[in-house]
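To start, the structure itself, in structure tokens.
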Amino acid sequence: MPTLTDKKPVRPTNRALGRPAPELIFGDLWEYDPAPETADPKLKPRYELFIGGKFVAPASGKYFDSINPANETKIAEMALGSAPDVDAAYRAAQKAQEGVWGKMPGKERAKYLYRIARLLQDRAREFAVAETMDNGKPIKETRDFDVPMAAAHFFYHAGWADKLDYVAPGRRVAPLGIVGQVIPWNFPLLMMAWKLAPALAMGNCAVIKPATNTPLSALKLAEIIQDAGLPPGVVNILTGPGSTGGLIMAHPLAAKIAFTGSTEVGKVIMRSVAGTGKRMTMELGGKAANIVFDDAPLDQAVEGIVNGIFFNQGQVCCAGSRLLVHEPVADAVVAKLRNRLRVLRVGDPLDKNTDVGAIVSRDQLETVRGYLDAGVKEGAKMWQPPCRLPAKGFYMPPTLFTGVTQSHRIAREEIFGPVLAIITFRTVDEAIEKANNTEYGLSAGVWTDKGSRILKMSTELKAGVVWANTFNKFDPASPFGGYKESGFGREGGRQGLLDYCKLV
Ligand code: TAP
């Protein structure tokens, strides 16, 4: 199949860039191999707030440092947004919402979303390097997952923008207005895409804040938004601490708020928003069970277990952090896992052979270490492969715990690190009972040869996503979200769009 690079399209010149703009071609979108672009992350020493289509200095005049967790060096200075900036962002969004975006036909809005997606693809290598530097995740993940998936979300939602009559057949859909959004540090660019693409496709404007640990790709996305010619004020990006996020959630001009982050902060926000009439969606924590039956293809399952918990150093809300393994194969699975972990490469995230990169921050590393101590203290048995960690940076070897009971903290609490708690079971019912014995309900995995067992498990597991004989598979068309303390609302697919519109 030819790739877009083979087609050599004639592209118009984008004045802002002084170089060819991305063409708006449909097809091959997911597979598009970006032009061999320089891997220079093109960093600026200082990044301002993005309000009303412009980069502006923060009212406070204050900045904070963004640190590379792989080597503890400063990447850049980031503006510290405060109340006057939040208000300015909402005013800019209001002007855009009432003046242009809310009235624009869907097919016109779609063009901007396509343009953002294509510009992101054009700068994919640069974004992958920048994201890896800011977050510490391996370059092979940012290159092959984060950046292409972010582009895919803009493409997917661009496709919906002129077909909104099909979002809720028989009803007319209308934008909600301005949405206030706050995202975490584990998938910084991808979460920007998850939040912005559906909001914009439905005709809403946005005020959004990335996490303090990882603001870089959000501001680089602001450059793309500017280059795409999006009307000023449609997207406003504010960097700053949690309190800035609180101001975004509390602002009276927000018609809806969307939050991804910890259950703890989610609850604070829910309390603050209760009674205001704002729409709300919450994507919160998780403690997924990855369940391996004795009839599963064990080598394949071991790869799925490794991917489930060590992808992004386990800093994944849907990580398979509890391995439930059928007793007859438990010893074999643990032995295979140990062998597999011995060959995982831990180290410099910019090395394309690295499997496990750096933990996002010193604080997070300390949190994860605290869980290792708790696991050992409560009587579980810890195992780590021998590995030499870099002298500087925040690193943690992949870690297994056996002899884990359901009451152990490492089996109950979200660790958000490369730590797997292994628990055994004897019967299907016991597996279901143990998997559901958690306050969370975001995801689960089932490994078995039997289709009937997959159906039973996926019906009875209380989780928003159940993967069968695979793990951590995502698609913009597939809704994602949780039950119980994992939150409510869905992102992706038609269901995700329903959370960004009103039915009239
Ligand atoms: P949080 O500490 O909850 O932070 C998330 C975001 O909220 C950050 O931008 C943070 O800003 C901001 N924030 C902090 N306090 C706030 C407040 N009072 N009001 C408004 N915003 C506030 O989570 P995290 O440590 O960044 O991320 C890890 C957590 O996110 C995990 O529990 C994980 O499961 C969850 N997560 C869930 C999902 C889904 S889809 N369910 C996806 C990714 C992550 P600062 O960075 O400045 O503190």
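Check which residues have an amide H placed less than 5 Å from THR424's amide H, if you skip close sequence neighbours.
Counting only residues 5 or more places away or on other chains, the set is VAL325.
Around GLY481, under 10 Å between beta carbons, what's the net of Lys plus Arg minus Asp minus Glu among the other residues?
-2
How far is the Cα center of the range 441-478 from the Cα center of the range 48-66, in Å?
Each part's Cα centre sits 43 Å from the other's.
In the chain, what percentage of the DSSP-assigned beta bridges are antiparallel, given to the nearest 5?
Bridges in the chain are about 35 percent antiparallel.
Considering only the other residues whose Cβ falls under 12 Å of the Cβ of ALA421, what net charge follows from Lys and Arg at +1 and Asp and Glu at -1?
+3
Based on alpha-carbon centroids, what's the gap between the range 168-237 and the range 339-397 in Å, whole number please?
Here the two parts' Cα centres lie 33 Å apart.
Which entries in the list LYS95/LYS209; LYS220/LYS267; LYS103/LYS256 go over 22 Å, if you measure between the two C-alpha atoms of each?
Cα-Cα > 22 Å for LYS220/LYS267; rest within.
For LYS502, go through the aspartates and glutamates and keep the ones whose alpha-carbon is under 19 Å away, minus same-chain ones fewer than eight residues off.
Here the aspartates and glutamates satisfying the reach criterion relative to LYS502 are GLU98, ASP162, ASP165, GLU491.
Treating the beta-carbon of each Lys and Arg as +1 and of each Asp and Glu as -1, no other charges, what is the dipole magnitude of the range 31-164 about its Cα centre, to the nearest 20 debye?
Once rounded to the nearest 20, the dipole reads 540 debye.
Throughout, read-outs are computed from the coordinates displayed, never taken from laboratory work. From a predicted model like this one, the values you see are computed outputs, not experimental measurements. Cβ: placed from backbone, ideal geometry, glycine included. Neighbour counts: every protein chain shown.
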